[in-house]
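Please read the structure below before turning to the comments.
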Amino acid sequence: LPGVRAAGAVTDLPLFGGSSTGFDVEGRPLAAPNERSMSDFRSATPDYFRAMGMGLAAGRDFTTNDKADAPPVAVINETLARRYFGKENPIGKRIGLSRPIDWREIVGVVHDVRNYGLASEVKPECYVPYQQNGPDYLAGSASWMVMVVRTESDPLGYVAAIKATLQKIDKDQPISSIRPMTAYLAQSVAQRRFN
């Protein structure tokens, strides 16, 4: 749409939690199931990072070529890269999500965001392309997605056009809770502001 800079979708927005999964790093000994490292997990579309203003520290974003039949890939956050790869470049390395292990090549490193509120610690995080979100252990996180749209001016002025465009694509797709990110941010700090 005219005036829309980027649009993408994700299973969980920042500030309000999300899903997590155990993971392994290829070439290192596998940990016992109850001792595995944990990572927050999100499924995202191409351009989600751009729509959210989350720059890449290294590598690339997801593309439309990252389909179900393409080699499995992942984008990790800076915290996961720093904690588990140190000064080693994680691009091209493989990370194994869940068990049985779903090995994925790391193609990008995205800047950290706070997923559990502004005062929360940043946790290791892994993103996978939504079209590759097929394994049973991830199926529950793909039952909904949140669309994010970055606009050139007041986002509420685009609501009618965005709704109309989505209805053209799928007239049965429910659309609800349309709010600017500033409203989500205000909600996340409402209790602290009240206190």
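The values are calculated or read from the model by the stated rules, or taken from the named source; none is laboratory data. Keep in mind that what you see is a predicted model, and the values were worked out from it rather than measured. Glycine also receives a Cβ, built like all others from the backbone with ideal geometry; neighbour counts cover every protein chain displayed. Please note that ligands, DNA and RNA were not included when accessible areas were found on the heavy atoms of the full protein model with its side chains. Shrake-Rupley method; radii C 1.70, N 1.55, O 1.52, S 1.80 Å.
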Per the filter on the stretch 37-54, residues open to solvent by 10 Å² or more (accessible area, probe 1.4 Å), out of contact with any His (no Cβ under 7 Å at 6 or more places or on another chain) and either of a type in the set (A, V, I, L, M) or without any contact (Cβ under 8 Å) to a residue 40 or more places away in the chain (or both) are 38, 52
Of the residues in the stretch 164-174, how many are loosely packed, with under 12 Cβ neighbours inside 10 Å and under 23 Å from residue 42 (Cα atoms)?
2
Anything in the stretch 59-79 that is open to solvent by less than 50 Å² (accessible area, probe 1.4 Å) and either of a type in the set (Lys, Arg) or touching a residue at least 60 places away in the same chain (Cβ under 8 Å) (or both)? List them, or say none.
62, 66, 70
So, in the stretch 164-186, exactly how many residues are farther than 24 Å from residue 130 by Cβ and in contact (Cβ under 8 Å) with a residue 40 or more places away in the chain?
1
Select, from 94, 192, the only residue that is out of contact with any helix residue (DSSP H, G or I) (no Cβ under 8 Å at 6 or more places or on another chain) and open to solvent by 90 Å² or more (accessible area, probe 1.4 Å).
192
If I filter the stretch 23-34 down to residues being of a type outside the set (Phe, Trp, Tyr), at pLDDT 90 or above and open to solvent by less than 40 Å² (accessible area, probe 1.4 Å), which single residue comes out as farthest from residue 99 (Cα to Cα)?
25
Output yes when any residue across the stretch 147-163 is within 24 Å of residue 41 (Cβ to Cβ), out of contact with any strand residue (DSSP E or B) (no Cβ under 9 Å at 6 or more places or on another chain), without any contact (Cβ under 8 Å) to a residue 24 or more places away in the chain and loosely packed, with under 15 Cβ neighbours inside 10 Å, and no when none is.
no
In the stretch 101-129, residue farthest from residue 11 (Cα to Cα) [restricted to those that are modelled with pLDDT under 90, in contact with a Phe, Trp or Tyr (Cβ under 9 Å, 6 or more places away or on another chain) and open to solvent by 20 Å² or more (accessible area, probe 1.4 Å)]
101
